[in-house]
Amino acid sequence: MIPQNDNDGFADQEERAAAWCLRIAERALTTAEQADFDTWLAADERHAQYFEQMVAAWQCTDAIAELPGFLSLRAKALTTMENARSHNERSSRSLTRRHALGALTAFALTAGAGAWYWAESPDVYDTAVGERRIVRLDDGSSVSLDAASRMLVSFTDERRSVTLERGRAKFDVAKDPLRPFTVTAGSQAVVAVGTSFSVELLKDQLRVLLFEGQVAVVPRAAAAGAIKAGRPITHTKQLLPGQELVADLSSGAAEVLPVETERSLAWEGGRVDFIDMPLADAVERINRYAASPIVIGDAAAGRHLVNGVFDAGDTDSFVKGVTSLYPLAALEEGGQITIKTVNSGIAEEKDRP
């Protein structure tokens, strides 16, 4: 039974959340345990939040359970936990912070707002508009950071975690089967061991492109119901080299598409490449290098598809290209360029429900 009061050896409620997550993930709860769990959840609204953080960690772990080294690591972590619980009657009732969180974090990967829960302040790397840089991480991994991008990096002995807050980055990950490399961006988490891939975060979209090796892409949102019911998490996407996952950040819908990897790396050489990309998304890429940012004036304009390669920072050529190809007009005013549909008032009227 998971203890329910503050005098039984737990330092805080987060530890109870970790213990409940481990218990529920391994087997179905007994009737008595289910009642205790429901009582604990109802006692404080923060308990559900703590539990969601632990479930998110376990969810990412499930996605990589078949990667090299993880079956043995998982078994070792669970054995450590069980030994700690059964050492004697007292310790079985009072799982300590070291045992509860240590067993979980030995193989779990955190995702989302709680990604830094067990870590010290992360290292911050960012680039300004028009700036690109190469970052060499402590584990030997290399990151190519696109312009106007920002990432947070936190490494421990058990995990390597990165949060991409904006922009795009290409990761060449040093192999370490017992320390997966996780990149959290938007609503998804990308899990790798030793591989090469890029992650791009747009306003409404996430793109993950695999160049070599293997990665798993898992939803960031915790699937508490699936774990509680003992069901597998079904939304994991496994990518093959030359494939790109495109995920809608609003709906969570994702599709995997074939890509030309050489063209996809054009940005590292100072070019911006588009293949059937909506103008609204293409403008986000262009604005990473633009002295005068581009604004889309109406929804209809943003839906036009853009193809072609442009020099990074050459905003004029991009604007001239799209306005010559489509019924669009560009207006420069107030330090920005607005692209809108010709007779945009009519277009906007059609967009209304």
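The values are calculated or read from the model by the stated rules, or taken from the named source; none is laboratory data. As the structure is a computational prediction, the values presented were derived from the model and not from experiment. Because the Cβ atoms are built from the backbone with ideal geometry, glycine has one as well, and the counts that use them run over all protein chains shown. Accessible surface is based on the protein model in full, side chains and every heavy atom, while ligands, DNA and RNA are left aside. Shrake-Rupley method; radii C 1.70, N 1.55, O 1.52, S 1.80 Å.
Restricting segment 305-353 to residues that are part of a strand (DSSP E or B), of a type outside the set (V, I, T) and open to solvent by 60 Å² or more (accessible area, probe 1.4 Å), which is modelled with the lowest pLDDT? By that ranking, first place goes to E333. Considering segment 219-229, the residues that are part of a loop (DSSP other than H, G, I, E, B) and surrounded by 18 or more Cβ atoms within 10 Å (Cβ to Cβ) include one that is modelled with the highest pLDDT, namely R220.
When the criteria are applied in full, D139 fails the requirement of being within 27 Å of D314 (Cβ to Cβ), of a type outside the set (A, V, I, L, M) and open to solvent by less than 50 Å² (accessible area, probe 1.4 Å). Would you tally the residues in segment 276-300 being open to solvent by 20 Å² or more (accessible area, probe 1.4 Å), among the small types (G, A, S) and within 12 Å of G313 (Cβ to Cβ)? Here the count works out to 2. The set of residues in segment 260-275 that are surrounded by fewer than 18 Cβ atoms within 10 Å (Cβ to Cβ) and either of a type in the set (D, E, K, R) or outside any strand (DSSP E or B) (or both) comprises E260, T261, E262, R263, L265, A266, E268, G269, G270, R271.
Within segment 237-259, being within 19 Å of F211 (Cα to Cα), outside any strand (DSSP E or B) and either open to solvent by less than 50 Å² (accessible area, probe 1.4 Å) or out of contact with any strand residue (DSSP E or B) (no Cβ under 8 Å at 6 or more places or on another chain) (or both) holds for G242, V259. Annotation: of all residues in segment 188-216 being among the small types (G, A, S) and touching a helix residue (DSSP H, G or I) at 6+ places or on another chain (Cβ under 9 Å), the one that is nearest to Y125 (Cα to Cα) is S198.
Look at (1) at pLDDT below 95; (2) of a type in the set (A, V, I, L, M, F, W, C); (3) in contact with a helix residue (DSSP H, G or I) (Cβ under 6 Å, 6 or more places away or on another chain) and you find that A291 fails only one, number (3). Taken over segment 276-304, the residue count meeting the criterion of being assigned to a helix (DSSP H, G or I) and under 20 Å from A147 (Cβ atoms) is 9.
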